[in-house]
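> Provided herewith is a single structure, encoded as structure tokens, for subsequent inquiry.
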Amino acid sequence: MAERLSATDVAAVFHGFAQAVERDRDLLTELDTAVGDGDHGTNLDRGMRAATEALDAAPPDTPGAVFNLVGRRLVSTVGGASGALYGTAFLRAAKAAGAASTLDAAGFAAVVRDATTGIAERGKCAAGDKTMYDVWTAASAAADAAVADGLPAVLSAASTAAGGAEQEMVPWQARRGRASYLGERSQGHRDPGAVSSRLLFDCFAAWAAT
Amino acid sequence: MAERLSATDVAAVFHGFAQAVERDRDLLTELDTAVGDGDHGTNLDRGMRAATEALDAAPPDTPGAVFNLVGRRLVSTVGGASGALYGTAFLRAAKAAGAASTLDAAGFAAVVRDATTGIAERGKCAAGDKTMYDVWTAASAAADAAVADGLPAVLSAASTAAGGAEQEMVPWQARRGRASYLGERSQGHRDPGAVSSRLLFDCFAAWAAT
Amino acid sequence: MKRLYNSPGTVVSEALEGIALTHPELLRLAHDPTYVARVDAPVAGRVALVSGGGSGHEPMHVGFVGPGMLSAACPGEVFTSPTADQVEAAVRAVDAGAGTVLVVKNYSGDVMNFEMAAELLAADGVDTETVLVADDVAVEDSTYTSGRRGVGATVLVEKVCGAAAARGDSLAQVAELGRRVCARSRSLGFALTAGTVPATGRRSFELPDDEIEFGVGIHGEPGRERRPMEPVDALVDRAMAAICADFDPAVLTGEVLLFVTGLGSATPLECSIVARRAVQELDRRGLRVARNLVGSYMTSLDMLGVSLTVLVLDEQLVELWDAPVHTAALRWGA
Amino acid sequence: MKRLYNSPGTVVSEALEGIALTHPELLRLAHDPTYVARVDAPVAGRVALVSGGGSGHEPMHVGFVGPGMLSAACPGEVFTSPTADQVEAAVRAVDAGAGTVLVVKNYSGDVMNFEMAAELLAADGVDTETVLVADDVAVEDSTYTSGRRGVGATVLVEKVCGAAAARGDSLAQVAELGRRVCARSRSLGFALTAGTVPATGRRSFELPDDEIEFGVGIHGEPGRERRPMEPVDALVDRAMAAICADFDPAVLTGEVLLFVTGLGSATPLECSIVARRAVQELDRRGLRVARNLVGSYMTSLDMLGVSLTVLVLDEQLVELWDAPVHTAALRWGA
Ligand SMILES: Nc1ncnc2c1ncn2[C@@H]1O[C@H](COP(=O)(O)OP(=O)(O)O)[C@@H](O)[C@H]1O
Ligand SMILES: Nc1ncnc2c1ncn2[C@@H]1O[C@H](COP(=O)(O)OP(=O)(O)O)[C@@H](O)[C@H]1O
Ligand SMILES: [Mg+2]
Ligand SMILES: [Mg+2]
Ligand SMILES: [Mg+2]
Ligand SMILES: [Mg+2]
């Protein structure tokens, strides 16, 4: 199993994420219809199409450059909360990845950590607000804890933690984003941004598993 | 059987007509929904309520004055084609009835004849256009033909002819009023104004039968 | 069906109260009989302009009362023309001695009630001229029909005649300009759903999800033709073809005014999408859209649909169109 | 559900083309990124005013671009805030060196994208000030929520700030006036049906025939409370009670501006019926409705409902409200 993510690897993961978003677009929109405005699937699908097109047109040669290109395309094409949040996350990830030609376990964990901080700052959100941030913090903590076990373990731990967090949040009351307008009526619903974030970590884990 | 209609008699017939319109309001509106704008029942009900209220408030003492009051109230409260047509018809009827204290067979036939002419002039309509006018001409012709047989025969003949005309018209294509916009699609529908006119002649016949 | 009413019977009277309460500087609401007049009417030395019709078409006509447009409007019950009394009283209230032009949409009820009012006024020495609007190409105009319905051109007639009256044109001149607008205007509408009549709480007609009514009127009458649903561009092209085919080709050249009105539930997004295609289609036919009006100005309760009107302009019509107007629904230059 | 579209994906772009085609003398449509600007921007020596938000709320914001109101508007996809790129490009196009006020409705997406744009502009020496509109009393304003949503007050902020910018106020002054309007405005909306989202062709939420959503937003979010249907006067009273209760009693005196906006499918009849009761209710509370705006100015696709806004006036706000404005959707004095 590969111990390092190259630019091509990260681009492949984003292609996988774009496919997953296209496949689950209606589910994401459905979840957002229940607690928000019914556009999360369409938003992310539009953005990830643009991002993968850009990756194909001019394949970047470092993981950092891949994150940067994806972040920029999302900022330009998505709009909404998720455009700003995913955009900020990946731009921060790009900074954390720097000019390195590959990412190892520690590098990946650092990338996730900075991306997570970016989401918190951009969204002015905290743990427990029932947003994508809860999935990212869970994934980041799990990645940090698994660094000693190598990259595949980090990716698998992040994905497991993301899935667990996404499920755990369901009964909570949302305190940020549109779902918060519902007050108690947001309880019992899955958060769309949490579900799409979980998909992303699944795609990283799937890469490690092949 | 009474051979003469007094002011009280004519007022009683209009009370009966008001009740019939209230009872069949939804039917009339339904018919008008199919070929027009769905207000004939409401229109006539509003007008006849106002007319009977006025008759009760200050009972007129000649048949002519009854027709005049009803005509005026309809002109003021109904609007639409039927407000102008029934209004004109009853105002012409009033003129034909003059100051006479009662109407006999010939008097009634003359009243219907002038009212019918009023409808034709106001509506710029002719026989066969599939409007209330077809019912009135049929009733008027039948009344004229029965004058020698006395008032009850006149009223009963007018009502029978009105009913026959209203049925006979159903397959025709409308050439005046809103139903004419439908072109061939107006065929097979009952004309709302024809149905309400038929109700009126039925009320006169009902008075004669009691 | 749920609507924002208190009761079906009070829809018109309460709405009129609301309009009067929110435009006290512009409008005066009279009761028994009901009409809405400019607060400053009669305007000395000026021809008056009165229109009216059934309610359910708002903002037409009450929304067009004010300087540069109508002197008064007579609202009937929903989809029911006003009574002759209303028209007579409105004219008496706003006529300044220079006569009054009556703008009448060609429906049996409207025609007859305005005619009765005109007869009563004439008997009393009040001069009126009637401009009959009959622009709907969906209806055959023959001796075997009541003639074409009056639809979108009504708004254009009211604007042009209002401007002519404001600048001091005579009764005959104002009426003549109104007839000129009528002669140079054609309209057609289509709808995906009918409006919901307050009295019954039901839609006037029901359409399956893949059908539309083409050539609808504004009173819940079904159209001349039921057609399969198509993308809106195709419907606009179809309407434009019918409109343009109906003009004398010698008239249909140069500059035109395009009027797109939503019929009730068409959103501004939808009206703009329709306007886009209509402008492109007119352009393709070598006509320049020199003026336009896009929005829900003449409606049919909550009908989902649009009506398109093309008016062939000339210099004078452009000048009168551009003249200042200050009404609740149309305002510029004032 | 049938709508007047060609395809869900082209709704916004085609509508913008339509608006640009029908208002060439007023507006300029820019692509990649998309924004709509006044043709005469930048206006030398004047503070610029830029707003934007998801589409589906027309005429807001594009319909408010023009002299006396917005310098530019950034329309996002339906119900999706614009991207930071759009905002950045729009500001660069209209900023005249005197800085730009950003009018931002308080939704996570809008706030974040405008904030990203402001950061990029600041890095480049372009000054911006943000006015955050958060007037919806249906939403609790606490550290445990994203705060109140921005609804009707947005239109009032844009009018007042636009007038202030036009008369030459500084960046800080224009922003301060916008914040003043926010502080003195409260809104609440209710809906009988949700709007139909183009992407899904379905209503955002379904309501039984005897229920309504009270305290709805404008993005198809359900309201705070599902209530039994009532006559509209009762609903207006309920909304007014919530609005008035939320004001500091010391502020809520004297003259107010009442803004009634239909949310999409409310007919002008319905808006007037709502306005009637709202004026009566305010009157009953000893408040004088000195100014009002009634119509469908801020919508939520074809939602059937209304939103009410009360702004407590002062002399300066009245003057700025009355100042000339010339936009596609709001026009007076020009
Ligand atoms: N302030 C916030 N902080 C963190 N995450 C947020 C915030 N607001 C929204 N989100 C996330 O964004 C998701 C919604 O994304 P999307 O539907 O695309 O944007 P919008 O809410 O603007 O329509 C939510 O499910 C939530 O996870
Ligand atoms: N020009 C006309 N001549 C004679 N009768 C007419 C004419 N136009 C309409 N009608 C009659 O009026 C009836 C419709 O009345 P009503 O529905 O109350 O008025 P409106 O058509 O104005 O809504 C029709 O059924 C028809 O009998
Ligand atoms: Mg969303
Ligand atoms: Mg009718
Ligand atoms: Mg009628
Ligand atoms: Mg959104």
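> Place a +1 charge on the Cβ of each Lys and Arg in region D:8-183 and a -1 charge on the Cβ of each Asp and Glu, then give the dipole magnitude about the Cα centre in debye, rounded to the nearest 20.
Magnitude of the dipole: close to 480 debye.
> Sticking with this structure for a sec: Given 0.36 nm per residue, what is the gain on full extension from D:R226 to D:A250 after removing their alpha carbon distance, in nm?
5.5 nm
> When averaged across all projection directions, what area in nm² does the alpha-carbon convex hull of region C:8-183 cover?
Projected area, direction-averaged: 9.7 nm².
> For D:D124 and C:S170, what is the calculated FRET efficiency with R₀ set at 60 Å and r taken between the beta-carbons, to the nearest 0.05?
Working: r = 63 Å, r/R0 = 1.05.
Once the sixth-power term is evaluated, E becomes 0.40.
> Could I ask something else about it? Can you give the relative contact order of region C:185-325 as a percent, counting alpha carbon pairs under 8 Å and 6+ residues apart?
Details: 272 pairs, mean separation 45.7, N = 141.
Reported relative contact order: 32 percent.
> Give the accessible area for B:S101 in Å² (nearest 10); use a 1.4 Å probe, count only protein heavy atoms, and leave out ligands, DNA and RNA.
Its accessible surface works out to 80 Å², give or take rounding.
> Taking the alpha-carbon centroid of each part, what is the distance from region B:1-72 to region D:135-212 in angstrom?
Centre-to-centre distance over Cα atoms comes out at 53 Å.
> Can I ask one more? Put a dot 7 Å past each Cα toward the Cβ at D:W332 and B:A106; how far apart are the dots in nm?
Between B:A106 and D:W332, the label points sit 7.0 nm apart.
> What dipole magnitude, in Debye to the nearest 20, does chain D give about its Cα centre under +1 on Lys/Arg Cβ and -1 on Asp/Glu Cβ? Don't skip to the answer; put the middle values down first.
Values: 28 positive and 44 negative charges, 119 e Å.
Dipole size: approximately 580 debye.
> Would you kindly work out, in nm and rounded to one decimal, the distances from the label point of D:A234 to those of the same position in each other copy, ordered shortest first, with label points 7 Å along Cα-to-Cβ?
4.6
> Taking the 0 to 90 degree range and rounding to the nearest ten, how far is the long axis of helix B:151-168 tilted relative to the main principal axis of chain B, both from C-alpha atoms?
Long axis of B:151-168 versus the principal axis of chain B: about 0 degrees.
> Given charges of +1 on the Cβ of Lys and Arg and -1 on the Cβ of Asp and Glu, with all other atoms neutral, how large is the dipole of the protein assembly as shown about its Cα centre, in debye to the nearest 20?
It comes to approximately 700 debye.
> I've got another one for you. What does the copy distance list look like for D:G97, label position 7 Å along Cα→Cβ, in nm and ordered from shortest?
6.1
> At what distance in nm do the modelled label points of D:A44 and C:D210 sit from each other, each positioned 7 Å from its Cα along Cα→Cβ?
6.2 nm
> Restricting things to alpha carbons, find the Rg to Rh ratio for the protein assembly as shown using the Kirkwood radius for Rh. Kindly include the intermediate steps, with their values, before the conclusion.
On the way: Rg = 33.0 Å, Rh = 31.4 Å.
Result for the protein assembly as shown is an Rg/Rh of 1.05.
> Then there's this: Beyond 29 Å, how much of the Cα-Cα pair distribution for chain C remains, as a whole percent?
Tail fraction, whole percent: 34.
> Find the relative contact order for chain C and round it to a whole percent, using C-alpha pairs within less than 8 Å whose residues are 6+ positions apart.
18 percent
> Quick one: of A:K95/D:K159; C:K2/D:K105; A:K95/A:K124; A:K95/A:K130, which pairs are farther than 32 Å apart, Cα to Cα?
The answer is A:K95/D:K159.
> Put a dot 7 Å past each Cα toward the Cβ at C:E319 and B:S6; how far apart are the dots in nm?
7.0 nm
> Taking region D:5-94, which GluC sites (Glu not before Pro) meet the DSSP loop condition and have no more than 13 other C-beta atoms within 10 Å?
D:E25
> Just need log10 I(q)/I(0) for chain A at q = 0.15 Å⁻¹, Debye formula, equal scatterers on the alpha-carbon atoms, no solvent, rounded to two decimals.
After summing over all Cα pairs, the log10 values are -0.86.
> Moving on to the next point. What is the minimum Cβ-to-axis distance for chain D, in whole Å, where the axis maps D onto C, and to which residue does it belong?
Value returned for chain D: D:S265, 2.
> Quick one: if the Förster radius is 25 Å, what FRET efficiency do A:Q187 and D:S142 give, using the C-beta to C-beta distance and rounding to 0.05?
After rounding to 0.05, the efficiency reads 0.90.
> When you look at the Cβ of every residue in C:82-95, what mean number of other chain Cβ atoms sits within 10 Å?
Partner-chain Cβ atoms within 10 Å, mean over residues of C:82-95: 2.
> Okay, moving on. For chain D, give the percent of accessible area contributed by carbon and sulfur heavy atoms, probe 1.4 Å, rounded to a whole number.
Values: 4960 of 10180 Å².
The C+S portion of the solvent-accessible surface of chain D is 49 percent.
> Right, here's the next one. To two decimal places, what compactness ratio does region D:185-325 give when its Cα radius of gyration is scaled by 2.2 N^0.38 Å?
1.07
> Normalising by the residue count of region B:5-209, find the relative contact order in percent from Cα pairs under 8 Å and 6+ residues apart.
Relative contact order of region B:5-209: 21 percent.
> Same structure, new question: Between A:K95 and the same site in the other copies, what are the distances in nm, shortest first, taking label points 7 Å from Cα along the C-beta direction?
Those separations, rounded to one decimal, come out as 9.2 nm.
> With the dipole of region A:39-162 worked out from charges on the C-beta (+1 for Lys and Arg, -1 for Asp and Glu) around the Cα centre, which of A:T117, A:L155, A:P63 lies farthest toward the positive end?
So the residue furthest toward the plus end is A:T117.
The values are calculated or read from the model by the stated rules, or taken from the named source; none is laboratory data. None of these values were measured; they are calculated from a predicted model. Please note: Cβ atoms are built from the backbone with ideal geometry, for glycine as well, and neighbour counts cover all protein chains shown. Ligands, DNA and RNA are excluded from the accessible area calculation, which covers all protein heavy atoms including side chains. Shrake-Rupley method; radii C 1.70, N 1.55, O 1.52, S 1.80 Å.
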